[in-house]
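The values are calculated or read from the model by the stated rules, or taken from the named source; none is laboratory data. Values in this document were obtained by computation on a predicted structure and should not be read as measured data. Using ideal geometry, Cβ is built from the backbone for each residue, glycine included, and neighbour counts are taken over all protein chains shown. Accessible surface is based on the protein model in full, side chains and every heavy atom, while ligands, DNA and RNA are left aside. Shrake-Rupley method; radii C 1.70, N 1.55, O 1.52, S 1.80 Å.
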There are 2 protein chains.
Amino acid sequence: MEQPSSPDRAVLAARAIGLDTLRENVVVLARGCMALRPEHVKGVRKLEVAHGDQRLIASFMIADDPAMLASDEIGLTQPALRRLGAAAGARLLVRPARAPASLEQVRAKISGATLSAADFRAIMRDITAHAFSDMEIAAFLVGCASFLATEELIDLTRAMVEAGDRLRWNAPLVADKHCIGGVPGNRTTIGVVAILAAHGLMCPKTSSRAITSPAGTADTMEVLARVDLYPDELRNVVERTGACIAWGGRANLSPADDILISVERPLGVDTPEQMVASILSKKAAAGATHLLVDLPVGWRAKIRSSADARRLGKLFQHVGAAMGLSVDVIVTDGSQPIGRGVGPALEARDVLAVLDQACDAPQDLRQKTLTLAGRMLELSPDLPGGAGVGRARELLESGAARKALDRIVAAQGPSPLQAHVSACIDPIPAPRDGLITAIDCHQIAKIARLAGAPTDASAGIDLARRVGDQVRKGEPLYFIHACEPTDRGFALEASQIDCGFVINGGA
Amino acid sequence: MEQPSSPDRAVLAARAIGLDTLRENVVVLARGCMALRPEHVKGVRKLEVAHGDQRLIASFMIADDPAMLASDEIGLTQPALRRLGAAAGARLLVRPARAPASLEQVRAKISGATLSAADFRAIMRDITAHAFSDMEIAAFLVGCASFLATEELIDLTRAMVEAGDRLRWNAPLVADKHCIGGVPGNRTTIGVVAILAAHGLMCPKTSSRAITSPAGTADTMEVLARVDLYPDELRNVVERTGACIAWGGRANLSPADDILISVERPLGVDTPEQMVASILSKKAAAGATHLLVDLPVGWRAKIRSSADARRLGKLFQHVGAAMGLSVDVIVTDGSQPIGRGVGPALEARDVLAVLDQACDAPQDLRQKTLTLAGRMLELSPDLPGGAGVGRARELLESGAARKALDRIVAAQGPSPLQAHVSACIDPIPAPRDGLITAIDCHQIAKIARLAGAPTDASAGIDLARRVGDQVRKGEPLYFIHACEPTDRGFALEASQIDCGFVINGGA
């Protein structure tokens, strides 16, 4: 179905260029390209490159050196060639990409309009097709951040689900959990899923990677097993073990969510509505019927008051109901980090310590894991009300949960990372004698991110002290794990400016 | 002052790369670079490259081909080398750029905070230093689009002025005018400045290029003369002629405004507050004391009702007063395009026809030019109230205004464009017999932009008919001027979907 070159389209030969443009799609035109003259397309925002049915939208650069690119060639990176299914020399149809039509709806939103279900469907379709630039995605996100009516939020969530695939499970009850984050080290999911799987409650858990935190569940699980499963693999793991703990991105569940997150993450924008849409679209697409949402409240967590938590919880329940999801909400203590490790490998270490019943396992992490698992186990028709936590403890102490995790890890396959807890450790000393009265979750997360987490899975923070502890000046409050000199420098500097611990200097 | 390489910075040799990255700053690192290992900085948003006191912030790519870049080299485009004042082989200090601190204030704005004067100063300083990415600028713009208190708007405007240079004129009264746009062909500024200059009223006019329209005053003036004047040149032109009609970007007047516009433009975001900040920051920086703001009202113009115009006018006056600017507001007819040409070269043709008193000069453009010039002439202490329009007509009809324009054009220097009215013309026929009851400014502007204006100065629309005219089916309503096949195709297609003329089919 190749079409010839015409005034507004050109057929050019693919050439691999030895450049890695990181996450951006970029193609290269030759300065002397006659079929599509660079000076004519300079004002165009992007080019559309097609090979058969495969298309990509890319920004472009112009090569001045004929040795780099002949005038009838177009330069593409290896990932772009793969995405098009094209080999070097393949004939590609290239034309100026139009701005996606749904940008008009984004502009309407920015100027205060209420969008319809069809508007959100159009925007999510275009975003999923990679037709929006990062700048345009940022405009959509921030436009929605200013105001989104509840109906709009439901329509957005539904549009996100519809723009991707949906998993369907052959079970009457499909349990899922989610924590909205903001509390470093709060890595309960892996233990909870292990307990549910040991009991036989179906729990096909898909998670995002971290948005603004030093580790997401997917980042932490990746230390233990492969998480980027294709839908068939995911189904296979769940059929064999009754559960999984996977990254949702490759399963094409609400793919728009991943694209939105890729812009939210560097921008650091994370509104309640975007959070609800993101989480519920993923859960609905993953085929969950019941969802437990964990809302930690603390002075520096994402939610600062129980009134806010109640309001957010009701939003989750209202939108969840519209999506056919029964949502249970639990408000938990987010006043200080949970466990000791902050960062993928350090958190994975804590999770295993709990499941292994190690004597130095963090007790707060153990207790929270049991509470959440207990609440979810009570969905099970065979358990009487109030018996959930007891059953959870039984499954943990008998080693059944640990065995369930081993089965899940084996089914998902080995971790692609070689992430061990780092050997490059800097102790951060208490600046004075006194009583630790507070730990700033936000600052601890920031330092752990500067140390390299989650990009560097072994980086992060290992906490030595908790709220209520007495310390003497010079004793370590925590250890920064960072092997990269740049990261280490940034993290140490940030901890010197504000170590994140409030120490009452009296005593 | 060269510093050695250290773990978080590297000294690399500059190498010119034969790539044109369009407006983005992009540098290239070698895959094998040891001093700054690409896999370590992959998570970093941007690099900072310094040569002596000159610095630039750039995103980066990685070269896989050692022939393209040696491991101790960094690849830069020619414009980047120029900006750093560095020759090939120069030793450059390269390090990961930190996210600008003022991004925290942007996030606060997005989540609903009211920003302080210091916050806006910090943001404008970072934007002016090119430390924000386009995505981050979009987030700031859209965050402000949702709500900006009047005090914030004043602080933002002041911060924009302070982030650049200010011109000061040795005159008690410095007049300026501005139209907020939205009406195609409304190119009164050049004629008005010529009349004021002929009278001897100081009018150092700096203009933006088009944001969302097919031509700005700077784009149109550039067809007649050079407009990208440096501050010394601008001062020189004003000293010699009492006026100028220049683009403000090179004079470093509110440079943040130009950067904000470069993102507003592709996004198509243009709020009242951003408009007031943009215009008043430019006028205050250009040293104006008195400003006439033209607010056209029409069913498809930027302002749709006189109530909206009054509200916006008062916002201009309130913020203007805080900036020390006396603002006069005139509400004009924006119900249809003014003049015949839409696009830089076509509009320049109309302006010259008015000043030359050509018998086919568009009378609506002539009348509006006289009205605005008359209103501004009355600022002059030597003219009695009400005598302004008469004096303006006198200066136009005597040829004094045309001579004043010639002096300004000669002082600014010849146009760098070779923009003539295009020879590639497509007539757009009336789809039926009838009376033209309305012309859609928005659609006419859109078609003219698709035709290539203002990037292609010769492109645009030449109107053959006005509201109130009777037409017969097949008679041309207007002519599309577009030589580039891509542009021509897009413009023709848009005019076939909606030609922009409302024709009452009776008669």
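Results, tabulated for the structure shown:
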item: Single match in A:Gly413, A:Gly385 (criterion: of a type in the set (Gly, Ala, Ser) and open to solvent by less than 40 Å² (accessible area, probe 1.4 Å)); result: A:Gly413
item: Top-ranked residue in the range B:117-130 [being surrounded by fewer than 20 Cβ atoms within 10 Å (Cβ to Cβ) and out of contact with any helix residue (DSSP H, G or I) (no Cβ under 7 Å at 6 or more places or on another chain); ranked as farthest from B:Arg98 (Cα to Cα)]; result: B:Ala118
item: Residues of the range A:57-66 classified as part of a strand (DSSP E or B) and more than 7 Å from every other protein chain (Cβ to nearest Cβ), total; result: 4
item: Where A:Glu136 falls short, out of the listed (1) open to solvent by 30 Å² or more (accessible area, probe 1.4 Å); (2) closer than 30 Å to B:Val106 by Cα; (3) within 14 Å of chain B (Cβ to nearest Cβ); (4) acidic (Asp, Glu); result: (1)
item: Subset of the range A:298-322 (residues that are touching a helix residue (DSSP H, G or I) at 6+ places or on another chain (Cβ under 9 Å) and open to solvent by less than 30 Å² (accessible area, probe 1.4 Å)); result: A:Gly298, A:Ala301, A:Ile303, A:Leu312, A:Phe316, A:Val319, A:Gly320
item: Filter result (crowded, with 21+ Cβ neighbours inside 10 Å and within 12 Å of another protein chain (Cβ to nearest Cβ)) within the range B:261-294; result: B:Val263, B:Glu264, B:Leu267, B:Val269, B:Asp270, B:Gln274
item: Some residue of the range A:42-56 being open to solvent by 40 Å² or more (accessible area, probe 1.4 Å), modelled with pLDDT of 80 or more, within 12 Å of chain B (Cβ to nearest Cβ) and under 25 Å from B:Ala58 (Cβ atoms); result: no
item: Residue identified as closer than 30 Å to B:Val28 by Cα and not β-branched (Val, Ile, Thr) among B:Ala117, B:Ala113, B:Ala88, B:Ala108; result: B:Ala88
item: Matching option when the condition is at pLDDT below 95 and of a type in the set (Asp, Glu), among B:Asp134, B:Asp155; result: B:Asp134
item: Which listed residue, of B:Ala430, B:Ala445, B:Ala438, B:Ala451, is open to solvent by less than 60 Å² (accessible area, probe 1.4 Å), within 19 Å of the chain's Cα centre (by Cα) and either within 14 Å of another protein chain (Cβ to nearest Cβ) or farther than 24 Å from B:Gly191 by Cβ (or both); result: B:Ala451
item: Test for B:Ala10: is it open to solvent by 40 Å² or more (accessible area, probe 1.4 Å), within 12 Å of chain A (Cβ to nearest Cβ) and at pLDDT below 90; result: no
item: Residue in the range B:390-401 that is over 22 Å from the mean Cα position of the chain (by Cα) and within 29 Å of B:Ile444 (Cα to Cα) present; result: no
item: Flag if B:Ala194 is touching a Pro at 6+ places or on another chain (Cβ under 8 Å) and at pLDDT 95 or above; result: no
item: Residues satisfying the stated conditions in the range A:47-98, i.e. among the charged types (D, E, K, R) and in contact with a Pro (Cβ under 8 Å, 6 or more places away or on another chain); result: A:Glu48
item: Single residue of B:Leu370, B:Leu352, B:Leu379 found to be modelled with pLDDT under 95, buried (at least 16 other Cβ atoms within 10 Å of the Cβ) and more than 21 Å from B:Gly182 (Cβ to Cβ); result: B:Leu379
item: The one condition in (1) away from chain A (no Cβ under 14 Å); (2) open to solvent by less than 10 Å² (accessible area, probe 1.4 Å) that B:Thr150 fails to fulfil; result: (2)
item: So A:Ser326, is it closer than 23 Å to A:Lys446 by Cα, surrounded by fewer than 24 Cβ atoms within 10 Å (Cβ to Cβ) and of a type in the set (Gly, Ala, Ser); result: no
item: Residue match in the range B:18-32 (condition: closer than 18 Å to B:Ala86 by Cβ, modelled with pLDDT of 90 or more and within 9 Å of another protein chain (Cβ to nearest Cβ)); result: yes
item: Per-region count, the range B:203-244, residues at pLDDT below 95, closer than 21 Å to B:Ala445 by Cβ and open to solvent by 20 Å² or more (accessible area, probe 1.4 Å); result: 5
item: Residue in the range B:162-170 that is within 21 Å of B:Ile110 (Cα to Cα) and either away from every other protein chain (no Cβ under 14 Å) or not in a helix (DSSP H, G or I) (or both) present; result: no
item: Helices (runs of 4 or more DSSP H) completely within the range B:68-137 that count 1 or more residues being touching a residue at least 12 places away in the same chain (Cβ under 8 Å) and over 30 Å from B:Leu156 (Cβ atoms); result: B:78-84
item: The range B:344-375, residues that are hydrophobic (A, V, I, L, M, F, W, C) and in contact with an Asp or Glu (Cβ under 8 Å, 6 or more places away or on another chain); result: B:Leu346, B:Ala353, B:Ala361, B:Leu365, B:Leu372
item: Those residues of the range A:393-407 which are assigned to a helix (DSSP H, G or I) and free of Cβ contacts under 8 Å to residues at least 24 places away in the same chain, in sequence order; result: A:Arg393, A:Glu394, A:Asp406
item: Given (1) outside any loop (DSSP other than H, G, I, E, B); (2) within 14 Å of chain A (Cβ to nearest Cβ); (3) open to solvent by 30 Å² or more (accessible area, probe 1.4 Å), index of the condition B:Gln418 fails; result: (1)
item: Test for A:Gly143: is it surrounded by 21 or more Cβ atoms within 10 Å (Cβ to Cβ), within 14 Å of chain B (Cβ to nearest Cβ) and closer than 25 Å to B:Cys144 by Cα; result: yes
item: When residues of the range A:454-507 are limited to those that are open to solvent by less than 50 Å² (accessible area, probe 1.4 Å), free of Cβ contacts under 8 Å to residues at least 60 places away in the same chain and of a type in the set (Val, Ile, Thr), the one nearest to the other protein chains (Cβ to nearest Cβ); result: A:Thr486
item: Residues located in the range A:153-170, provided they are farther than 17 Å from A:Thr206 by Cβ and surrounded by fewer than 16 Cβ atoms within 10 Å (Cβ to Cβ); result: A:Asn170
item: Any hit, the range B:113-127, residues being within 14 Å of chain A (Cβ to nearest Cβ) and at pLDDT below 85; result: no
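The rows are residues; the columns are (1) modelled with pLDDT of 85 or more; (2) open to solvent by 10 Å² or more (accessible area, probe 1.4 Å); (3) more than 14 Å from chain B (Cβ to nearest Cβ); (4) at positive phi.
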site: A:Arg15; (1), (2), (3), (4): yes, yes, no, no
site: A:Ala35; (1), (2), (3), (4): no, yes, no, no
site: A:Ala80; (1), (2), (3), (4): yes, no, no, no
site: A:Ala90; (1), (2), (3), (4): yes, yes, yes, no
